[in-house]
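Here's the structure, in structure tokens; my notes come after.
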Amino acid sequence: MERLPKYSTEKKETRMQKKWTALLAGLLIAGAAAAAENPQVSIKTNLGEIIVELNQEKAPISTANFLAYVKSDFYKDTIFHRVINGFMVQGGGYTVDLKSKQPLRPTIKSEEKNGLSNVAYSLAMARMDNPDSAQSQWFINVVDNIGLDYPNAKGHGYTVFGKVIQGKETVDKIKVLLVDDKPGFQNVPVHPVVIKSATVLKKRIVVPEPVPPAPVVEPAPAPEPAPVQEPAPAQQPEPVK
């Protein structure tokens, strides 16, 4: 391996050392950023595609659990079995004939205190009353459901572990579907929304940061018109005597 030539002066050598230190630091930061890239999952339905980005930094347990179900094709041919406009759409556990799919994994520990909020288009784990009872089912909030955050009225919350980054229009199609009640179920879409596949994206989608609106510049007030100078009163001529 060729060696880098040395500079003849101490000043130049110090400058080179600083340059390489900065370069190595940049490479380390870039490598750490690449390693920390959040997984993205494509959920294809008969109404369109939804792409979610998972937050493995703040919700590592829920992210790993969801990815395990995705990679095992567990969600293929399952449905959105509970749809409530103004609240959320839920899936991940039942087939078209409303038969429960046996979860492949044990329940997971709640990550309700991770600081992520149940805002519109966020992805969260469904569970029973026990906060540590989540398995395969999940839901997408269609409005800001801050009441589901920790701590809610029961002292717990629902773990948010991702968000919709593309396909919000598909979520909007699902949330307004006609629903009906069936034995043991409420708010079931009359026309089933079937998940055809759920796969991890190999090529990540780069979502541009929202551009803040330009500040509104108020027009400068128009200058006040200059006061009109009234003509001086004409001097009355002296009366002729």
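Quick rundown of the values:
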read-out: Within segment 67-93, tally of residues that are among the small types (Gly, Ala, Ser) and touching a residue at least 40 places away in the same chain (Cβ under 8 Å); value: 4
read-out: Set PRO131, PRO103: member being of a type outside the set (Phe, Trp, Tyr), assigned to a loop (DSSP other than H, G, I, E, B), closer than 19 Å to ILE61 by Cβ and in contact with a helix residue (DSSP H, G or I) (Cβ under 9 Å, 6 or more places away or on another chain); value: PRO103
read-out: Residue within segment 70-84 that is at positive phi and within 17 Å of the chain's Cα centre (by Cα) present; value: no
read-out: Residue check for VAL143: at pLDDT 95 or above and more than 29 Å from PRO183 (Cα to Cα); value: no
read-out: Selection from segment 148-174 of residues that are assigned to a loop (DSSP other than H, G, I, E, B) and either touching a Gly at 6+ places or on another chain (Cβ under 8 Å) or crowded, with 17+ Cβ neighbours inside 10 Å (or both); value: ASP149, TYR150, PRO151, ALA153, HIS156, GLY157, TYR158, THR159, GLY167
read-out: Residue under evaluation LEU177, criteria (1) closer than 18 Å to THR78 by Cβ; (2) in a strand (DSSP E or B), criterion not met; value: (2)
read-out: Residues within segment 27-65 that are within 26 Å of SER110 (Cβ to Cβ), at pLDDT 95 or above and not small (Gly, Ala, Ser), tallied; value: 18
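The values are calculated or read from the model by the stated rules, or taken from the named source; none is laboratory data. Because the structure is predicted, anything quoted here is derived from the model rather than measured. In this analysis, Cβ positions are derived from the backbone assuming ideal geometry, glycine residues included, and neighbour counts consider all displayed protein chains.
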